[in-house]
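The values are calculated or read from the model by the stated rules, or taken from the named source; none is laboratory data. In this text, all values refer to a predicted model and were calculated from it rather than measured experimentally. FYI the Cβ positions are ideal-geometry reconstructions off the backbone, even for glycines, and counts take in every protein chain you see. Accessible surface areas use protein heavy atoms only, side chains included; no ligands, DNA or RNA. Shrake-Rupley method; radii C 1.70, N 1.55, O 1.52, S 1.80 Å.
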Amino acid sequence: MKIHESGEDYLETILMLCKENGTARSVDIAAHLGVTKPSVSFAMKKLRENGYILMGDDNRITLTETGEAIAGRILERHDLLTRMLIMLGVNEETARQDACKIEHDLSDEAFEAIRRHIEMMS
């Protein structure tokens, strides 16, 4: 199933918040992504309808197995690309921002080549 870049960003954010705080809430997602609460509500509705997240009675958001797989893939790309850019001399904040732009469009083949190269350099 194809998911849009914004959906990937939401899933990645949910995973990061769950790892950091043990939970994800709409207000935290909005703050992290710099978007409005209504935007998050709309996105969560779509992600829930597509089977990527579950909403608890307490409004806590959790990832389904499918959602977690997508989020993990994007987060892995983000982290590795950030590391690569920092290794190339890019400052950390710019590296994180640029990695976010690259992570969605990079082919699997190119990502695996970058991963192999980074592993050889480490």
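If the Cβ limit is 9 Å and pairs must be 6+ apart or interchain, which residue in the range 90-113 that is more than 14 Å from I74 (Cα to Cα) pairs with which residue that is of a type in the set (D, E)?
From the range 90-113, the pairs are V90/D98.
Examine the range 30-45 for a residue that is of a type in the set (A, V, I, L, M), touching a residue at least 40 places away in the same chain (Cβ under 8 Å) and touching a strand residue (DSSP E or B) at 6+ places or on another chain (Cβ under 7 Å), and state whether such a residue exists. Explain how you work it out, then say what you get.
Filtering the range 30-45 down to residues of a type in the set (A, V, I, L, M) leaves 30-31, 33, 35, 40, 43-44.
Restricting the remaining residues to those that are touching a residue at least 40 places away in the same chain (Cβ under 8 Å) gives none.
No, there is no match, as no residue in the range 30-45 is of a type in the set (A, V, I, L, M), touching a residue at least 40 places away in the same chain (Cβ under 8 Å) and touching a strand residue (DSSP E or B) at 6+ places or on another chain (Cβ under 7 Å).
Since I70 meets every condition but one in (1) in contact (Cβ under 8 Å) with a residue 40 or more places away in the chain; (2) loosely packed, with under 15 Cβ neighbours inside 10 Å, which condition does it not meet?
Answer for I70: the failing condition is (2).
Report, by residue number, each residue of the range 20-53 that is part of a helix (DSSP H, G or I), open to solvent by less than 70 Å² (accessible area, probe 1.4 Å) and over 13 Å from S6 (Cα atoms).
Just the residues of the range 20-53 that are part of a helix (DSSP H, G or I), to begin with: 20-21, 26-33, 37-49.
Within this subset, residues satisfying the condition of being open to solvent by less than 70 Å² (accessible area, probe 1.4 Å) are 26, 28-30, 33, 39-41, 43-44, 47.
The answer is S26, D28, S41.
In this structure, is I114 assigned to a helix (DSSP H, G or I), farther than 22 Å from S6 by Cα and open to solvent by less than 40 Å² (accessible area, probe 1.4 Å)? Before the answer, list the steps.
Numbers: assigned to a helix (DSSP H, G or I): yes; farther than 22 Å from S6 by Cα: yes; open to solvent by less than 40 Å² (accessible area, probe 1.4 Å): yes.
Yes.
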